[in-house]
1. Can you give the longest stretch of the chain with no exposed loop site, where a site means GluC sites (Glu not before Pro) in a DSSP loop (not H, G, I, E or B) with at most 12 other C-beta atoms within 10 Å?
2. On a 0 to 90° scale, report how tilted helix 327-351 is relative to the longest principal axis of the chain, with both axes built from alpha carbons and the result rounded to the nearest 10.
3. How far apart, in nanometres, would the label points at ALA392 and ALA196 be if each is projected 7 angstrom from Cα along the Cα-to-Cβ direction?
4. Label points 7 Å out from Cα along the Cβ direction at GLN245 and THR102: separation in nm?
5. For the chain, what is the relative contact order in percent, using Cα pairs closer than 8 Å and at least 6 residues apart in sequence?
6. Taking all protein chains in place and a 1.4 Å probe, what share, in percent, of the accessible surface of the range 109-191 do carbon and sulfur account for?
7. Could you estimate the translational diffusion coefficient of the range 318-407 from the Stokes-Einstein equation, with Rh from the Kirkwood formula over C-alpha pairs, at 25 °C and 0.890 mPa s, in whole µm²/s?
8. Sort the range 177-226 into rounded, prolate or oblate with this rule: let a ≥ b ≥ c be the square roots of the eigenvalues of the Cα gyration tensor; rounded if a/c is under 1.5, and if a/c is not under 1.5, prolate when a/b is larger than b/c, oblate otherwise.
Amino acid sequence: MEDVRVHVPQQGPNTAGPTPDHVDSLATVLDLVRSGTARTRPEIGRYSGLGRTVVTQRVNELSACGLLEEGPLGPSSGGRAPRELRFRAHAGVVLAAELGATSVGVGVTDLAGHVLAELEEPTDIALGPEEVLGHVEELFDRLLTDIGDATGGSATAVWGIGIGLPGPVEFATGRPSAPPIMPGWDGYPVRDRLAARFDAPVWVDNEVNAMALGELRAGSAKGQRDILYVKLGTGIGAGLVSGGQLHRGSQGCAGDIGHAAVSEDQTVVCRCGNTGCLEALAGGAALARDGLAAAREGRSPFLAEVLGTSGTIGAEDVSRAAQSGDRTSVELLTRAGRLVGSLLATLVSFYNPALVIIGGGVAGAGDLLLAAIRESVYRRSLPLATRELRIARSTLSDQAGLVGAAFMVIDELFTPERLAHWVDPGSPAGFPGLVDIPLRTPLL
């Protein structure tokens with residue numbers, strides 16, 4: 001594939017740079033337009049508290065930079081109708097990938113997080129970083145080629161890349177840290193590899209954090225400030241949003257509830273090496289294991305038939321069996337829901353979220369699992385914590401991680417700290433415009 005280049009602003013030589021107040025006001029104006037909160041200069045002034053002259057200057061600077069553009073005339077409030085402003089979401093694209101234990105989903109979005117194209121293929125995260133990331137790179141190349149063909153061969157400017165991994169990630173370095181289900185990945189320079197390959201800044205996070213961010217920006221948690229996203233899949237994890245911001249913790253491993261102890265049972269050893277972990281007793285792999293045992297022991301005629309036909313049992317088979325009235329499968333799902341709900345009850349009382357979102361493959365097991373989770377949470381949590389609490393399924397479903405990985409990049413690209421890299425006080429407009437240069441390292 002041809003070298004992909006990213007549009008980045010060129011810094012002016014020997015300049016002191018913009019003042020913090022200047023950059024903060026730029027970020028405020030940009031965020032108001034990007035979010036759709038304000039569409040005209042007067043609206044920006046009302047929402048931001050900035051004076052008319054400052055608003056005009058910041059809009060001109062962001063327009064010269066290529067981030068804003070003039071739209072149609074807006075509604076008039078008695079005088080001349082103001083010109084609407086639009087964020088140039090089409091100015092570039094973001095590459096996003098969500099790596100699960102058994103599949104990989106990749107996508108291309110615009111700078112507003114809208115998915116333009118996506119692909120999902122089976123994989124095995126245990127194959128190691130070289131093979132799995134090589135597969136991701138091939139899928140990225142394919143999507144970029146498809147988009148280029150659809151736009152008549154025009155250049156596709158990659159502004160950033162977001163990756164979600166199914167294990168703990170040190171966010172500051174973009175490296176996995178002792179991930180239980182990812183042999184060979186510990187300390188691997190995921191960010192550095194992809195940054196060099198695509199000449200674009202890269203951010204890497206735990207996939208559950210990406211899912212939580214996806215729901216916050218474009219899903220059922222939009223407009224919420226305090227939420228808990230719980231992924232029930234092969235493994236179990238949680239993403240925490242506090243005050244409208246994703247909370248990663250000091251090292252980036254906040255929300256790793258899958259390896260919290262929920263039982264004294266010493267017979268089931270988790271993939272992390274401990275016993276009694278929630279994931280080992282209630283995750284998708286646990287449901288598959290217990291379903292297989294039920295089929296072999298003759299306790300579930302439905303699962304025994306599935307085993308005889310396919311030779312294997314998965315969590316989805318247990319779900320189908322439960323929906324068909326299979327008693328053993330109903331018991332397995334109910335037990336899993338109660339274990340998850342019991343731990344969530346502690347978190348709800350501790351954190352007091354307004355919304356708990358249940359996502360991941362196992363979350364599609366039907367109302368039985370969700371009902372068991374709700375029953376445990378409402379029964380065991382403090383009454384004040386559950387008075388207005390909603391517990392609901394993910395509305396983005398399989399797209400949550402992909403959308404969240406894209407918004408992780410978008411949020412980072414337009415922070416005040418990084419907007420400072422875009423400003424050249426030596427330019428008459430404050431911005432020299434966008435130039436085509438390879439970006440060898442992420443903007444940190």
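1. Result, exposed sites excluded: 3-263.
2. 50
3. Simple spin-label model gives 4.5 nm for this pair.
4. Going from the GLN245 label point to the THR102 one covers 3.8 nm.
5. On the way: 923 pairs, mean separation 92.6, N = 444.
Rounded, it is 21 percent for the chain.
6. Details: 1760 of 3400 Å².
On the range 109-191, the fraction of accessible area on carbon and sulfur atoms equals 52 percent.
7. So the translational diffusion coefficient is about 177 µm²/s.
8. Working: a/c = 3.97, a/b = 1.62, b/c = 2.45.
Because a/c hits 1.5 or more and a/b fails to exceed b/c, the range 177-226 counts as oblate.
The values are calculated or read from the model by the stated rules, or taken from the named source; none is laboratory data. Because the structure is predicted, anything quoted here is derived from the model rather than measured. Backbone-built Cβ (ideal geometry, glycine too); neighbour counts: all protein chains shown. All accessible areas refer to the heavy atoms of the entire protein, side chains included, with ligands and DNA or RNA removed. Shrake-Rupley method; radii C 1.70, N 1.55, O 1.52, S 1.80 Å.
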